[in-house]
Amino acid sequence: MKATVLIPAAGTGRRMGGTVSKQYLELVGKPILAHTLTLFENHPQVENIYLIVPCGDIDYCQEQIVERYGFSKVQRIVAGGAERQDSVRNGLQALVEDGFGQPQRPILIHDGARPLFDSRKLSALIEVVCETGACTIGVPVKDTIKQVENSMITASPDRRLLWQVQTPQGFQYQLIDKAFAQADADGFVATDDASLVERLGHTVQMLEGDYRNIKVTTPEDILIAVALLGSLK
């Protein structure tokens, strides 16, 4: 079974400054979001893509991103919610409405502002999702991490056990749907989708990714992304 991809890109990018949302900023000739969509558009194991953007951006994305760059796998552009979790939930609802909610279907969730993911790792991610139900991409942390409260260090976790989580994160539909339903019932909000699945007691496997898979959040990240894209040519 091929995978369905959800790409939440409904943030405003306040840390970037300016008036244009970060996902539409130009990066080496085309918008960041277009680079991100290309990662999945060209992969043979991806059946369709649900792009999730602010309600007021739907027409713009259809004309200036999807049609302009010819993304044929974009099944639908979905209106996002107040929080990232709300946006992903809206995407899950949309794919069910379109008949793609088979229990074991791999659902991949990827940040719209991560245009540098190595899509060659997608096949391995999908394979683990099919075998275990849940997998995320990440990398071991390089620096020593401190836990701090009120400007005071309270703990020094063992760096060997710490990983920096990235996206895509992948789940079988039946599992991620159950995780979102439980989070809604509990009023629980997480910063990533794997956390919702972990709350169910289901193990999420970590697949080593790439340190180049940065999330473009600040103006400095744009400079880094331009340099990294140039190194991939």
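Things to note:
- In segment 142-161, the count of residues that are hydrophobic (A, V, I, L, M, F, W, C) and under 20 Å from the mean Cα position of the chain (by Cα) is zero.
- Consider segment 145-193 and keep the residues that are part of a helix (DSSP H, G or I) and polar (S, T, N, Q). The one that is farthest from Lys2 (Cα to Cα) is Gln182.
- Hits in segment 194-233 (condition: in a loop (DSSP other than H, G, I, E, B), farther than 19 Å from Leu122 by Cα and at pLDDT 95 or above): Arg199, Leu200, Gly201, His202, Thr203
- Screening Ile7, Ile65 for residues that are within 30 Å of Ala227 (Cα to Cα) and either under 14 Å from the mean Cα position of the chain (by Cα) or free of Cβ contacts under 8 Å to residues at least 24 places away in the same chain (or both) leaves exactly one candidate, Ile7.
- A search for C-beta distances below 6 Å between a residue of segment 125-146 that is in contact (Cβ under 8 Å) with a residue 40 or more places away in the chain and any residue that is of a type in the set (Val, Ile, Thr), counting only pairs 6+ apart in sequence or on different chains, returns Ala134/Val197; Ala134/Val204; Cys135/Val128; Cys135/Val129; Thr136/Val165; Thr136/Val204; Gly138/Val165.
- Leu108 being aliphatic (A, V, I, L, M), in contact with a His (Cβ under 7 Å, 6 or more places away or on another chain) and either assigned to a strand (DSSP E or B) or in contact (Cβ under 8 Å) with a residue 24 or more places away in the chain (or both): no
- Condition met for Phe171 (modelled with pLDDT of 95 or more, surrounded by fewer than 19 Cβ atoms within 10 Å (Cβ to Cβ) and among the aromatic types (Phe, Trp, Tyr)): no
- Answer residue from segment 30-59, given it is surrounded by fewer than 20 Cβ atoms within 10 Å (Cβ to Cβ) and in a strand (DSSP E or B) and is farthest from the chain's Cα centre (by Cα) among those: Lys30
- For segment 111-144, the set of residues classified as closer than 22 Å to Gln205 by Cα, hydrophobic (A, V, I, L, M, F, W, C) and assigned to a loop (DSSP other than H, G, I, E, B) consists of Leu116, Phe117, Val141, listed by residue number.
- Out of Thr154, Thr144, Thr191, sole residue that is surrounded by fewer than 13 Cβ atoms within 10 Å (Cβ to Cβ), among the hydroxyl-bearing types (Ser, Thr, Tyr) and under 29 Å from Leu27 (Cβ atoms): Thr191
- Considering residues of segment 73-105 that are of a type in the set (Asp, Glu) and not in a loop (DSSP other than H, G, I, E, B) only, the residue nearest to His43 (Cα to Cα): Glu97
The values are calculated or read from the model by the stated rules, or taken from the named source; none is laboratory data. Note that the structure is predicted; figures quoted are calculated from it, not measured. FYI the Cβ positions are ideal-geometry reconstructions off the backbone, even for glycines, and counts take in every protein chain you see.
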